[in-house]
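Chemist: Dumping the structure here so I can ask a few things about it.
The values are calculated or read from the model by the stated rules, or taken from the named source; none is laboratory data. These numbers come from a predicted model, not from an experiment. Neighbour counts are summed over all protein chains in view; Cβ atoms, including those assigned to glycine, are modelled from backbone coordinates with ideal geometry. Heads up: the accessible areas ignore ligands, DNA and RNA and are worked out on the full protein's heavy atoms, side chains in. Shrake-Rupley method; radii C 1.70, N 1.55, O 1.52, S 1.80 Å.
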Amino acid sequence: MRSRIAKRLLDVVGASAILLAGLPILIVTALLVRWKLGSPVFFRQLRPGHRGKLFTLYKFRTMRNDTDAEGNPLPDDQRLTRLGRFLRGTSLDELPELWNVLRGDMSLVGPRPLLIEHLPIYTPEQARRHEVKPGITGWAQVHGRDALPWEDKMRLDVWYVDHGSLWLDVRILLRTLAAVFSREGVIHPEAGSMDQLLRSRGGVVVGRSFGWTRPDEAQDRAA
């Protein structure tokens with residue numbers, strides 16, 4: 001109980017401090033997104049959180065909503081802008097998730113909240129990543145971020161579930177700052193993660209059959 005209270009206190013104090021200190025950056029980023037990408041400024045999407053409960057994740061948009069003649073979204077690399085690459089590379093697109101932390105949907109540290117499409121495909125062991133709140137950063141992120149293979153990410157997430165502590169969270173936050181400044185392991189957040197998962201299972205799952213939108217269609221579309 002004490003550890004949960006201490007972790008929540010760290011989340012609230014840390015998120016509030018970052019929001020206050022980074023307010024000018026948030027405002028400038030929002031204005032740039034509005035100028036370069038238009039409205040909406042924020043990308044919203046349902047993600048599974050603690051115990052698989054869905055919540056609305058907030059980020060800054062990084063992609064245009066360009067479509068082809070049939071109304072289908074263009075490939076990600078054609079919609080990702082120079083500003084979007086910069087925001088992703090510096091992790092500035094993640095700043096609105098601090099609101100999720102204050103709301104209690106997320107923690108500063110925990111397994112990253114991935115896509116709903118992953119839920120029916122996790123192994124029982126991998127599904128244990130939902131035993132704690134998802135985080136803005138996590139044990140997997142400080143061990144390679146997006147460059148890690150899927151199975152390694154899942155293994156590190158479950159390791160955090162079993163070994164999480166306030167001291168470990170502080171270590172992860174400090175290492176995250178170093179990783180952000182060095183921009184190590186940054187590809188595209190969640191880019192290719194579904195493909196990695198499906199290849200590791202040797203099968204194909206179509207998100208539409210579950211009533212969901214596939215990642216390439218949902219990216220940067222307002223919920």
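Chemist: I'm told Arg112 meets every condition in (1) touching a Ser or Thr at 6+ places or on another chain (Cβ under 9 Å); (2) outside any loop (DSSP other than H, G, I, E, B); (3) open to solvent by 20 Å² or more (accessible area, probe 1.4 Å) except one. Can you identify the failing condition by its number?
Modeler: Here Arg112 meets the rest and fails (2).
Chemist: Going through Leu102, Leu119, Leu98 one at a time, which residue ends up being open to solvent by 30 Å² or more (accessible area, probe 1.4 Å), part of a helix (DSSP H, G or I), closer than 18 Å to Gly14 by Cα and touching a residue at least 12 places away in the same chain (Cβ under 8 Å)?
Modeler: Leu102
Chemist: Do the conditions hold for Arg51, that is, is it in contact with a Ser or Thr (Cβ under 6 Å, 6 or more places away or on another chain), charged (D, E, K, R) and in contact (Cβ under 8 Å) with a residue 12 or more places away in the chain?
Modeler: When the stated conditions are applied, Arg51 does not pass them.
Chemist: If I ask for residues that are in contact (Cβ under 8 Å) with a residue 12 or more places away in the chain, open to solvent by 70 Å² or more (accessible area, probe 1.4 Å) and farther than 10 Å from Val109 by Cβ, which ones from the stretch 150-183 would you list?
Modeler: Glu151, Trp159, Arg175, Arg183
Chemist: Any chance the stretch 204-216 includes a residue that's among the small types (Gly, Ala, Ser), at pLDDT below 95, over 18 Å from the mean Cα position of the chain (by Cα) and open to solvent by less than 40 Å² (accessible area, probe 1.4 Å)?
Modeler: Yes, the stretch 204-216 contains at least one residue that is among the small types (Gly, Ala, Ser), at pLDDT below 95, over 18 Å from the mean Cα position of the chain (by Cα) and open to solvent by less than 40 Å² (accessible area, probe 1.4 Å).
Chemist: Kindly provide the set of residues from the stretch 70-109 that are among the basic types (Lys, Arg) and touching an Asp or Glu at 6+ places or on another chain (Cβ under 6 Å), ordered by number.
Modeler: Once the filter is applied, which keeps residues that are among the basic types (Lys, Arg) and touching an Asp or Glu at 6+ places or on another chain (Cβ under 6 Å), the stretch 70-109 yields only Arg79.
Chemist: Still on this structure: Looking at the stretch 47-80 only, could you name the residues that are aliphatic (A, V, I, L, M) and open to solvent by 40 Å² or more (accessible area, probe 1.4 Å)? If you could, list the steps in order and put the result at the bottom.
Modeler: To start, the set of residues in the stretch 47-80 that are aliphatic (A, V, I, L, M) comprises 54, 57, 63, 69, 74, 80.
Answer for the stretch 47-80, where residues must be aliphatic (A, V, I, L, M) and open to solvent by 40 Å² or more (accessible area, probe 1.4 Å): Leu54, Ala69, Leu74.
Chemist: Looking at the stretch 45-91 only, could you name the residues that are more than 14 Å from the chain's Cα centre (by Cα), assigned to a loop (DSSP other than H, G, I, E, B) and modelled with pLDDT under 90?
Modeler: Correct list: Arg64, Asn65, Asp66, Asp68, Ala69, Glu70, Gly71, Asn72, Leu74, Pro75, Thr81.
Chemist: May I pose another question? Restrict the check to the stretch 15-36 and report whether at least one residue is under 30 Å from Ala127 (Cβ atoms) and in contact with a Gly (Cβ under 7 Å, 6 or more places away or on another chain).
Modeler: Checked against the condition, which is being under 30 Å from Ala127 (Cβ atoms) and in contact with a Gly (Cβ under 7 Å, 6 or more places away or on another chain), the stretch 15-36 yields no hits at all.
Chemist: Leu26 fails exactly one of the following numbered conditions: (1) out of contact with any strand residue (DSSP E or B) (no Cβ under 8 Å at 6 or more places or on another chain); (2) modelled with pLDDT of 95 or more; (3) open to solvent by 70 Å² or more (accessible area, probe 1.4 Å). What is the number of that condition?
Modeler: The one condition Leu26 does not meet is (3).
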